[in-house]
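Worksheet: the structure to be examined is printed underneath.
The values are calculated or read from the model by the stated rules, or taken from the named source; none is laboratory data. Computed from a prediction, not measured in an experiment: that's the story for all the values here. Cβ atoms come from the backbone with ideal geometry, glycine included; neighbour counts cover every protein chain shown. Heavy atoms of the whole protein, side chains included, go into the accessibility calculation; ligands, DNA and RNA do not. Shrake-Rupley method; radii C 1.70, N 1.55, O 1.52, S 1.80 Å.
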Amino acid sequence: MSTSTVSATAAAPKKSGGRKKLTLPWIMLIIAGGLALVSLVRLISGAEDLTSVGQVSGALSLAVPIGLAGLGGLWAERAGVVNIGLEGMMILGTWFGAWAGYQWGPWTGVLVGIAGGALGGLLHAIITVTFNVNHIVSGVAINILALGFTQYLSNFTFAEAPGGSSKQSPQVEPIYKITVPGLSDWMSDLQGKHWFFVSDLAGVIGGLVTELSLLTVVALLLVPGTWWVLWRTTFGLRLRSCGENPVAAESLGVNVYKYKYIAVVVSGALAGLGGVYLSEVASPIYQEGQTGGRGYIGLAAMIFGNWMPGGMALGAGLFGFIDSLKLRGGATNVHAMLLLIAILLVLVCVWQLYKKKYLQAGISAACAALLFVWYALTDSVPSQFVDAAPYVTTLLVLALSAQRLRMPKADGLPYRKGQGK
């Protein structure tokens, strides 16, 4: 089978309007511009914790499990299988990771947690690929099954263990964390000076080199690793062809069932790893309800990222950043975000005027004006809004980015072997 032929089958249609792909220099320029804007908001609002070392470190810790779930969803959906069951696979990862971790050490817990998530992925593959059950129904069933299964197991495992109960495990030995000596202290000192842009950049770098778990390093490496496997190997081309046009892929000799199974099992394993992160790194203990809907948020991050690893990582980072704001500074930090969003809406308004989209420009201007007034007339925001801020942000980002999204053509569609004959 020709690799170029499969590549053509898996390739997405060309974008309309002659839109060009962003190059690395442009991406770096956009990131620098965003950081400068946040720095400006920090100086105006006085919310000095917006880009502190602790804020960035906390955002990374909150973003990793979401990113791993999103990465799992990306693997499955690139092969044409919708994986709503990510939440349940994360639950299996948290339980099995903590169960093995407190008995045989954290790295054994990592492996067993991955296996638990992969088991959930295998079940989802059997139901959806072999028996052709609706993917949404299967995913919801797995979420319910995983929750009930772990609750049942906890009653006669953790409840009998010293320091455990029916709702939580004994404490797990934490995974080793690394700090880059010298650089970490230097970045912390620079960040403490509160200079424009320089201190903010130091805070970001400091958060990436201070108290960094080895499992975080593994998770970060999985993002470029996924991109390389799916977009730079023959295996990845064949897998993506199953999500674009499985009938054409089968006619070229691709074993569609095999690739779908592999993708969904890997999807479950990655979600399981996200669950392990919660029970061994975020807090070294399993607790009932620990995932907190992160599997669903990971799915939203994947959609926001347009089914691409880099975009998915950006979405997970955004949610982690907003979620971390409410933990550090709470109402003050979220109040400063009102000013940031208002400025962004002004920029959107200018862009829409340039594109001669006057209705959209007017809506953006009106929303920006309301946010400026809200910011000017208040010193903080209600606690309920602080708690809801990450979820509201996710919905807004998805709504604003909906027009540029393109899912794999055969994602979620039923497929039977030989149906193209």
Pairs beyond 26 Å (Cα-Cα), from K326/K357; K167/K258; K260/K409; K357/K409: K326/K357; K167/K258; K357/K409
Roughly how many Å² of W186 are accessible to a 1.4 Å probe, to the nearest 10? 150
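Ranked from the most accessible area to the least, with a 1.4 Å probe and all protein chains present, what is the order of R294, R232, R328, R240? Working shown, then result.
On the way: R294 45, R232 145, R328 90, R240 20 Å².
If we order R294, R232, R328, R240 from most to least accessible, we get R232, R328, R294, R240.
First check a/c for region 133-263, with a ≥ b ≥ c the square roots of the eigenvalues of its C-alpha gyration tensor; if it is under 1.5, answer rounded, and if not, answer prolate when a/b is larger than b/c or oblate otherwise. Don't skip to the answer; put the middle values down first.
Working: a/c = 2.99, a/b = 1.26, b/c = 2.37.
Since a/c reaches 1.5 but b/c is at least a/b, the shape of region 133-263 is classed as oblate.
Add +1 for every Lys or Arg and -1 for every Asp or Glu among the other residues with Cβ under 14 Å from the Cβ of F158, and state the total. Spell out each step's value before the answer.
Numbers: positive: K167; negative: E160, E288.
Neighbourhood net charge equals -1.
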Global geometry of region 267-328, whether rounded, prolate or oblate, following the gyration tensor of its Cα atoms and the 1.5 cut on a/c: oblate
Rounded to the nearest 10 Å², the accessible area of S165 using a 1.4 Å probe with every protein chain kept is 40
Span-like helices, the chain: DSSP H, alpha-carbon axial extent 18 Å or more, mean Kyte-Doolittle -1.0 or greater, which ones? 24-45, 53-78, 86-104, 106-125, 135-156, 214-232, 256-277, 309-327, 331-354, 358-377, 383-401
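Counting only protein chains, not ligands or nucleic acids, how are E288, E211 ordered by accessible area (probe 1.4 Å), most first?
On the way: E288 70, E211 110 Å².
Per-residue accessible area, sorted high to low, gives E211, E288.
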Calculated P(r) of region 305-364 - Cα pairs past 14 Å, %: 68
Heavy-atom accessible area ranking, 1.4 Å probe, most first, across C242, C349, C367: C367, C349, C242
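Using a probe radius of 1.4 Å on heavy atoms only, what accessible surface per residue do you get for the chain? Whole Å² is fine. Before the final figure, lay out the partial values.
On the way: 19870 Å² over 421 residues.
With the other protein chains kept in place, the chain gives 47 Å² per residue.
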Just check region 254-393 against the gyration tensor rule for me: Cα atoms, a ≥ b ≥ c as the square roots of the eigenvalues, rounded for a/c under 1.5, and otherwise prolate or oblate depending on whether a/b exceeds b/c. oblate
Given the protein chains as shown and a 1.4 Å probe, how many square angstrom of F131 are accessible, to the nearest 10? 130
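Over region 65-180, with every protein chain in place, what whole percent of the accessible area is carbon and sulfur at 1.4 Å, could you tell me? Mind dumping the intermediate values first?
Numbers: 3120 of 4490 Å².
Looking at region 65-180 in its full context, I get 69 percent from C and S.
Please get the size of the charge dipole for the chain, origin at its Cα centre, with Cβ charges of +1 on Lys and Arg and -1 on Asp and Glu, quoted in debye to the nearest 20. Each step should come with its number before you reach the end.
Working: 27 positive and 18 negative charges, 436 e Å.
Result for the chain is approximately 2100 debye, rounded to the nearest 20.
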